[in-house]
Amino acid sequence: MDTLHDINNLLNDFATRVHETEKNVKILQSNITLLNKNSIELLRNFIRFIVRSGSTSIQGISDKIGIATNELKPFLDRMIEDNQLTRSDNVYAVP
């Protein structure tokens, strides 16, 4: 009977650890989501600040913010879609 009791305890401990791990994974996923959201907003604020201080090209924004133009372009395009920026003759401005 001790063997069944030991197995039962082992399985209960295992189930408890699995539950704790699931909880920790959910917390980490939530933190990652929040961090990503805040990082995007921070980058948008940097871009708006740079553009407000003088309409500029993607290269000018890239030089000031330190992100390569090929990585920055999709982000700027999304900001244009969201009406946060305008682009005319490859010069960006805040509407």
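Coordinate-derived values only; no laboratory data. Predicted model, so just to flag it, every value in this text is computed and none were measured. Positions of Cβ are backbone-derived with ideal geometry, glycine not excepted, and every protein chain shown enters the neighbour counts.
Just how large is the dipole of region 2-93 about the Cα centre, in debye to the nearest 20, putting +1 at every Lys and Arg Cβ and -1 at every Asp and Glu Cβ? Provide the component values of the computation, followed by the final result.
Details: 11 positive and 12 negative charges, 129 e Å.
Using Cβ point charges on Lys, Arg, Asp and Glu, region 2-93 gives about 620 debye.
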Self-check item: Per-residue HN-Hα couplings for region 82-95 [Karplus 6.51, -1.76, 1.60; θ = phi - 60°; Hz; x = Gly/Pro]
Solution: 8, 6, 8, 9, 10, 9, 9, 6, 6, 10, 9, 8, 8, x
Self-check item: Dipole of region 2-93, positive end: most advanced residue of Leu76, Leu28, Val91 [Cβ charges, Cα centre]
Solution: Val91
Quiz item: Taking the alpha-carbon centroid of each part, what is the distance from region 58-72 to region 35-53 in angstrom?
Solution: 13
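How long is the gain from Asn38 to Asn9 if the chain were fully straight, where each residue apart is worth 0.36 nm and the alpha carbon distance is subtracted? Could you put the intermediate results ahead of the total?
Details: separation 29, 0.36 × 29 = 10.44 nm, distance 4.34 nm.
Here the answer is 6.1 nm.
Quick check on the chain: helices-only [θ] at 222 nm, where DSSP H runs of length 4 and up contribute -39,500 (n - 2.57) each and the sum goes over total residues. Nearest 500, please.
Values: 3 runs with 72 residues, N = 95.
That comes out to -26500 deg cm²/dmol.
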Quiz item: Tell me, what is the FRET efficiency for Glu81 and Ile27 to the nearest 0.05, using R0 = 22 angstrom and their Cβ-Cβ distance as r?
Solution: 0.10
Quiz item: Out of residues 5 or more away from Thr56 or on other chains, whose amide H comes under 5 Å of its own, with H placed 1.01 Å from N in the peptide plane?
Solution: Tyr92
Quiz item: In what order do Leu10, Leu43 fall by count of nearby beta-carbon atoms within 10 Å, going from fewest to most?
Solution: Leu10, Leu43
Self-check item: Scaled radius of gyration (Cα, divided by 2.2 N^0.38 Å) that the chain gives
Solution: 1.98
Exercise. Would you mind telling me which residue in Asp82, Asp13, Asp63 has the biggest mean-square fluctuation in a Gaussian network model of the chain, where springs connect alpha carbons within a distance under 10 angstrom?
Key: Asp13
